[in-house]
Amino acid sequence: MLKLPIYLDHNATTPCDPRVVETMIPYFTNNFGNAASRNHPFGWQAEEAVDNARVQVAKLIGADPKEIIFTSGATEADNLAIKGVYEMYASKGNHIITCNIEHKAVLDTCKHIEKEGGEVTYLKVNPDGLIDLKELEAAIKPTTILIAIMYANNEVGTVMPMKEISALAKKNGILVFSDATQAVGKIPVDVNKDGIDLLAMTAHKMYGPKGIGALYVRRKNPRVKVTAQMDGGGHERGMRSGTLNVPGIVGFGKACELAMLEMDTDAKRLSALRDKLENALINIEEAYVNGSRRYRLPHVTNISFKHVEGEGLLMGFNKDIALSSGSACTSASLEPSYVLKALGLGDDLAHSSLRFGLGRFTTEEQIDYTIEAVTKTVNKLREMSPLWEMYKEGIDLSTIEWAHH
Amino acid sequence: MAYSEKVIGHYQNPKNVGTLDKSKSNVGTGLVGAPECGDVMRLQIEVDETTGMIKDAKFKTFGCGSAIASSSLATEWLKGKSIDEAAKIDNMEIVEELHLPPVKIHCSVLAEDAIKAAINDYRKKNGMPELKFEESVVH
Ligand SMILES: Cc1ncc(COP(=O)(O)O)c(C=O)c1O
Ligand code: FES
């Protein structure tokens with residue numbers, strides 16, 4: 001039976017897996033202890049649960065449990081990694097290299113660093129959404145202390161060449177930080193094989209609860225340290241003070257354990273469904289996939305439907321299908337997606353994009369329904385679009401003098 | 001953000017979608033907005049030359065649901081109005097009628113601009129001086 005509404009916005013957040021919720025519940029009620037309470041069973045129980053979860057999280061990324069610092073999510077982990085390294089390694093240099101399709105949590109943190117007197121290079125990406133390794137190498141200076149490149153992008157799902165990036169960094173004695181929020185639990189991520197020194201992740205993108213995440217901080221070869229951004233009781237080896245969110249951590253751990261077990265089957269199933277969806281939709285005239293189709297997460301596709309506007313398109317089915325668009329009209333700023341623009345899309349194509357993010361509970365029926373609804377709405381809106389009419393008449397839209405606002 | 005019933009109604013059943021023959025002297029065409037801004041609206045009026053009344057109006061819009069609804073509503077309001085009456089349509093009337101939230105006011109501004117552009121195109125074609133409108137401020 002087809003279940004409506006259909007959720008295809010798994011890059012924004014994922015539902016909590018019921019198995020995750022189940023493991024969390026006792027930690028709100030009976031086992032409510034503070035993991036830092038050393039003198040009674042309530043505390044011991046909480047600490048044990050946290051230790052167990054730390055192992056589950058670490059295992060998923062090939063890390064040692066001691067290298068996991070729990071945070072409130074990826075935004076905090078991004079901040080702690082970048083500001084923490086910038087402050088800790090100030091004597092070595094003040095230059096950071098990142099790229100222009102990072103999440104705002106990274107970009108705005110870098111902007112903050114610049115205000116503090118740091119120097120940041122924002123690498124461009126090619127139309128595939130990937131950085132150029134030669135440009136990266138050329139950007140390295142004696143003062144470079146950190147290369148911060150996301151593992152996978154949240155809008156187009158493209159996956160960066162992390163191994164090559166870290167090899168370059170190693171050669172130059174520079175630390176590598178990766179915001180792996182979108183990748184962890186979806187594709188194999190291994191901090192040692194990938195050569196990553198710091199890595200940000202969050203539970204709510206992998207069927208865990210919201211408000212809990214982690215920063216991986218390497219302890220060996222090299223031993224990495226970050227300056228704490230939160231002062232207090234010295235939790236998490238002094239790097240992140242604050243009473244641990246025990247139920248959240250337990251849920252995060254369970255989500256990691258499940259991801260470890262089910263990632264391969266999920267990925268196979270979802271990439272087949274994604275391909276079905278994508279192939280059907282690009283069959284529509286003037287529809288284009290954004291970003292690399294080769295180096296990409298298995299469950300994501302981002303498609304532009306030329307001459308129809310994204311928000312108008314969403315309105316055609318958003319009672320039944322939850323999706324997101326790079327259109328400006330869906331954002332408070334009225335600016336289209338900076339990620340799509342960085343890939344070289346014109347504003348018009350950026351306005352016309354939809355992001356489809358499939359997930360663990362997506363069914364083939366839902367995909368079939370989506371194909372039909374999107375196709376129907378694109379056709380309907382094109383009948384209403386002056387741009388489509390001009391395109392069909394063979395008018396070159398770039399020759400028209402538009403009344404810009 | 002949830003849409004008002006009226007916006008949804010116009011979106012689902014837009015009134016007067018289509019194209020008038022822009023080469024005719026009694027047809028005025030207004031094309032406003034830009035693809036890069038995510039909104040382009042084309043609004044056309046056909047004027048009855050004996051009575052000076054707008055006898056038909058059509059639109060095509062590339063934009064969000066509120067922009068589509070604004071232009072659909074505008075064409076409904078235009079029909080049966082004289083050119084002078086049409087020139088007085090204010091975007092805030094559209095905002096009120098459709099219950100547009102503040103972030104969608106610019107979609108209604110676009111509709112007002114399209115009406116004015118169509119009127120001026122008609123006037124120009126028929127040897128009348130173009131009307132001067134104040135620059136709309138909300139974009
Ligand atoms: C790449 C990336 N980084 C960081 C974040 C922020 O994560 P959180 O919501 O856990 O702060 C997100 C999620 O929106 C993301 O996609
Ligand atoms: S056309 Fe962009 S918000 Fe309405």
Inset, instruction - Work out, in µm²/s and without decimals, the Stokes-Einstein translational diffusion coefficient of the protein assembly as shown at 10 °C, 1.306 mPa s, Rh from Kirkwood over C-alpha pairs. - result: 62 µm²/s
Legend entry - Proxy reagent accessibility, fewest Cβ within 10 Å first, across B:D121, A:D78: B:D121, A:D78
Inset, instruction - Kindly provide the pair-distance distribution of region A:214-315 built from C-alpha pairs, with 5 Å bins from 0 and whole-percent values in order of increasing distance. - result: 2, 9, 12, 12, 11, 10, 10, 12, 10, 7, 3, 0
Inset, instruction - Kindly state, as a whole number, the per residue volume in cubic angstrom of the convex hull around the alpha carbon atoms of region A:1-137. - result: 209 Å³
Inset, instruction - May I ask for the equivalent-ellipsoid semi-axes of region A:90-160, computed as the square root of five times each C-alpha gyration tensor eigenvalue and listed largest first in whole Å? - result: 22, 15, 8
Inset, instruction - Once every Cα of region A:267-322 carries one equal point scatterer and solvent is ignored, give the base-10 log of I(q)/I(0) from the Debye formula at q = 0.12, 0.19 Å⁻¹, two decimals. - result: -0.31, -0.77
Inset, instruction - Give the Cα extents of region B:54-117 along the principal axes, in whole Å, largest first. - result: 31, 21, 18
Inset, instruction - Counting other beta carbons within 10 Å of each Cβ, put B:F133, A:F28 in order, fewest first. - result: A:F28, B:F133
Inset, instruction - Please state, as a whole number in µm²/s, the translational diffusion coefficient that the Stokes-Einstein equation yields for region A:56-128 at 20 °C and 1.002 mPa s, with Rh defined as the Kirkwood radius across alpha carbon pairs. - result: 156 µm²/s
Inset, instruction - As a check on your grasp of the helix formula, calculate [θ] at 222 nm for chain B: sum -39500 (n - 2.57) over DSSP H runs of n ≥ 4, divide by the residue count, round to the nearest 500. - result: -12500 deg cm²/dmol
Inset, instruction - Using the structure shown, list the pairs from A:K186/A:K268; B:K15/B:K124; B:K15/B:K60; A:K92/A:K115; A:K83/A:K104 with a Cα-Cα distance above 22 Å, or answer none. - result: B:K15/B:K124
Legend entry - Dimensionless Rg over Rh [region B:28-139; C-alpha; Kirkwood]: 0.95
Legend entry - Cβ-based exposure ranking for A:F361, A:F317, A:F177, A:F356, in which fewest neighbours within 10 Å come first: A:F361, A:F317, A:F356, A:F177
Inset, instruction - Taking 7 Å along the Cα-to-C-beta vector as the label spot, tell me the A:F28-A:T243 distance in nanometres, rounded to one decimal. - result: 1.6 nm
Inset, instruction - Identify all aspartates and glutamates with a Cα-Cα distance to B:K6 below 14 Å; exclude those on the same chain that are fewer than 8 residues away in sequence. - result: B:E76, B:E93, B:E96, B:E97
Legend entry - Cα long-axis angle, helix A:246-281 against chain A (0 to 90 degrees, to the nearest 10): 20 degrees
Legend entry - Cross-link table A:K141/A:K210; A:K134/A:K276; A:K170/A:K254; B:K24/B:K88, entries beyond 29 Å C-alpha to C-alpha: A:K141/A:K210; A:K134/A:K276; A:K170/A:K254
Inset, instruction - Considering only A:G73, A:G357, A:G213, give the residue with the highest GNM mean-square fluctuation for chain A, with springs between Cα atoms whenever their separation is below 10 Å. - result: A:G73
Legend entry - R0 of 22 Å, Cβ-Cβ distance B:K124-B:M92: FRET efficiency to nearest 0.05: 0.25
Inset, instruction - Sticking with the crude label model, points 7 Å out along Cα→Cβ, report the distance from A:V289 to A:T399 in nm, one decimal please. - result: 3.4 nm
Inset, instruction - Any chance you could list the semi-axes, whole Å, largest first, of the equivalent ellipsoid that the Cα gyration tensor gives for region A:1-48, using √(5λ)? - result: 36, 12, 6
Legend entry - Estimated FRET transfer efficiency when R0 is 30 angstrom, pair A:K134-A:N221 (beta carbons, to 0.05): 0.65
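FYI, it's all coordinate maths here, none of it is from the lab. Computed from a prediction, not measured in an experiment: that's the story for all the values here. Methodologically, a virtual Cβ is constructed for each residue, glycine included, from the backbone with ideal geometry; neighbour enumeration extends over all protein chains shown.
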